[in-house]
Structure formats: C-alpha cells, structure tokens
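Following: one structure in structure tokens, then a few remarks.
The values are calculated or read from the model by the stated rules, or taken from the named source; none is laboratory data. On a predicted model such as this, the values are computed, not experimentally measured, just so you know. Cβ coordinates were reconstructed from backbone atoms using ideal geometry, including for glycine residues, and neighbour counts include every protein chain displayed. When the accessible area is computed, the model is the full protein with side chains, heavy atoms only, and any ligands, DNA or RNA have been set aside. Shrake-Rupley method; radii C 1.70, N 1.55, O 1.52, S 1.80 Å.
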Amino acid sequence: MQKNILLIGFMGVGKGALARELVRCDKSLYALDTDDMIESMTNTRIKKIFATAGETAFRALEQKTADWLAKNVTNAVISTGGGFYKVNNIKNIGTVVYLKADFSWILNRIMSAPNAKKKLKKRPLFQDIEKAKKLFEERYTAYEEVADIVIDVTGGDTGSVAEAILNRVSQQ
Ligand code: S3P
C-alpha cells in the first residue's frame with residue numbers, strides 16, 4: 001500500500017499546479033484537492049462557506065476531509081488549502097511536502113497569472129494584501145515544522161520541482 005503525497009503551503013504557491021504536474025510525471029498517482037473535495041461535499045464554494053458559515057465551520061470541514069482521506073485514500077497527490085496543515089492527523093494521510101516560497105514571490109505568481117483577478121476573488125483570506133502578508137508571517141515556521149520534506153519552489157519550473165519532489169519522496 002502506497003502512502004499519499006500531501007502538498008502544503010501558502011495560498012497561491014502553486015499546490016494545485018504541482019499536483020497536476022506530479023500526476024503527469026508519475027502515472028501511478030492521481031490528484032485530489034481538499035478545497036475541491038469540500039466544495040463537492042457541501043455543494044458550496046469556499047468563498048460562500050466563509051461568508052455564511054464562517055472560518056471555524058470551514059476548518060471543521062477540513063478536519064472531516066482529513067479524517068476521510070486518512071481512512072480511504074492511497075496513491076494520491078493531495079493539494080491542500082493553505083490552512084489545512086492545522087488538521088490534527090496530517091501525518092496519517094501521507095508524506096507532507098511543504099512548498100516553500102517567500103511572500104513577494106507568491107504575490108508575483110498570483111498577480112502575473114492571466115486570471116489573477118479570479119485567483120484573488122475566490123480566496124477570502126487574500127482580499128487584503130497586508131493581512132495576507134501577516135498571515136503568511138504567522139504560518140511561515142509552522143509549515144516547516146509539520147513537513148517531512150521542504151521544497152523551495154522559487155528556483156525552477158513546475159517540471160523540475162515535481163521531479164525534485166518525487167526524488168525526495170522516494171528517499172523517505
Ligand atoms: C485558505 C486557503 C485556501 C482555502 C481557504 C483558506 C487558508 O486555499 O482553503 O480560502 O487558510 O490559507 P488555497 O491555499 O488553495 O488558496
């Protein structure tokens with residue numbers, strides 16, 4: 001039984017794009033995304049969950065998703081929401097890979113995307129850049145503490161970062 005690869009890191013660092021790239025590199029894997037799972041489970045957009053039920057309710061949905069993943073899923077690359085690293089059973093889901101970048105790199109990645117407006121709009125915790133930066137600073141060391149592997153994503157394209165992840169995971 002193969003464990004999963006769990007991608008954690010700040011909003012906009014490229015967790016989803018890397019999960020898709022990893023699946024292209026290793027055809028035995030499949031990609032899942034915790035935000036997508038929560039949206040399907042509730043039939044509600046993340047933005048709306050925050051606006052109506054609130055952040056605490058969203059975090060409970062993340063925990064519910066984590067419990068389900070730990071019990072039911074193997075062989076997947078799982079991209080997660082930026083706050084998913086706080087679930088209490090993350091180590092039971094798979095190898096935790098932190099995608100590391102500094103805030104200005106992340107902001108530049110979001111802003112230079114052709115659909116930058118949409119990328120920002122769907123993220124309730126990225127509505128105010130100063131607040132997002134503060135959140136980044138609060139979480140910065142926590143991501144590293146929870147990770148089995150830390151990968152700097154600022155040095156290469158998605159393909160080479162994906163290769164580096166697969167190499168490091170195979171050495172675990
Ligand atoms: C969040 C990140 C979002 C999403 C939600 C909360 C966070 O996911 O889960 O808006 O707390 O950092 P992305 O990291 O994919 O933007």
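Here the 3J(HN,Hα) profile of the range 109-123, calculated from phi with Karplus coefficients 6.51, -1.76 and 1.60 at θ = phi - 60°, is 4, 5, 5, 8, 6, x, 9, 3, 4, 5, 4, 6, 4, 7, 10 Hz, Gly and Pro shown as x. Looking at the chain as a GNM with Cα springs under 10 Å, which of Ala70, Ala60, Ala19 has the largest mean-square fluctuation? Residue with maximal mean-square fluctuation among Ala70, Ala60, Ala19: Ala60. Considering only the other residues whose Cβ falls under 13 Å of the Cβ of Ile106, what net charge follows from Lys and Arg at +1 and Asp and Glu at -1? Once positives and negatives cancel, what remains is +4. Charge tally around Ser79: other residues with Cβ under 10 Å, Lys/Arg +1 each, Asp/Glu -1 each, net -1.
Here the label points at Asn88 and Glu163, each 7 Å from Cα along the C-beta direction, are separated by 4.2 nm in the simple model.
At 1.4 Å probe size, with the rest of the protein present, what percent of the exposed accessible area of the chain is carbon and sulfur atoms? The computed percentage sits at 49. Just to be sure I understand: with springs between alpha-carbon atoms less than 10 Å apart, which residue in Ala116, Ala101, Ala53 has the highest mean-square fluctuation in the Gaussian network model of the chain? Per the Cα network of the chain with a 10 Å cutoff, Ala53 tops the list. Here each label is just a point 7 Å from Cα along the line to Cβ, and for Gln63 and Glu138 those points are 1.8 nm apart. The modelled label-to-label distance for the pair Lys71/Ala116, using points 7 Å beyond Cα in the direction of Cβ, is 4.4 nm. Taking Gly82, Gly156, Gly12 as the candidate residues, the one with maximal mean-square fluctuation in a Gaussian network model of the chain, Cα springs under 10 Å, is Gly156.
Each helix, a run of at least 4 DSSP H residues, gives -39500 (n - 2.57); summed and divided by the residues of the chain, these come to -16500 deg cm²/dmol at 222 nm.
Given +1 at the Cβ of Lys and Arg, -1 at the Cβ of Asp and Glu and no other charges, the dipole of the chain around its Cα centre is 580 debye to the nearest 20.
The 3J(HN,Hα) values that the Karplus relation (6.51, -1.76, 1.60; θ = phi - 60°) gives for the range 150-162 are, in residue order, 10, 10, 7, 8, 7, x, x, 7, 4, x, 6, 5, 4 Hz. Gly and Pro appear as x.
In the chain, a dipole from Cβ-located charges (positive for Lys and Arg, negative for Asp and Glu) runs towards its positive end, and of Leu61, Thr42, Thr80 it is Thr42 whose Cα lies farthest in that direction. Ranked by the mean number of other Cβ atoms within 10 Å of their residues, highest first, the peptides 119-127, 3-11 fall in the order 3-11, 119-127.
Around the amide H of Thr80, modelled in the peptide plane, lie the amide H atoms of Leu7, Thr34, all under 5 Å away and 5 or more residues distant in sequence or on another chain. Our coupling estimate for the range 3-10, obtained by passing each phi through the Karplus curve with A = 6.51, B = -1.76, C = 1.60 and θ = phi - 60°, is 6, 9, 10, 10, 9, 10, x, 5 Hz, Gly and Pro reported as x. Across the chain, C-alpha contacts under 8 Å between residues 6 or more apart give a mean separation that, scaled by the residue count, equals a relative contact order of 34 percent.
When the C-alpha to C-alpha distance is required to be over 18 Å, the pairs from Lys86/Lys117; Lys48/Lys121; Lys3/Lys91; Lys64/Lys121; Lys47/Lys71; Lys47/Lys134 that qualify are Lys86/Lys117; Lys64/Lys121; Lys47/Lys71; Lys47/Lys134.
On a full-extension model of 0.36 nm per residue, what is the gain between Ser28 and Phe50, subtracting their alpha-carbon distance, rounded to one decimal in nm?
Answer, rounded to one decimal: 4.4 nm.
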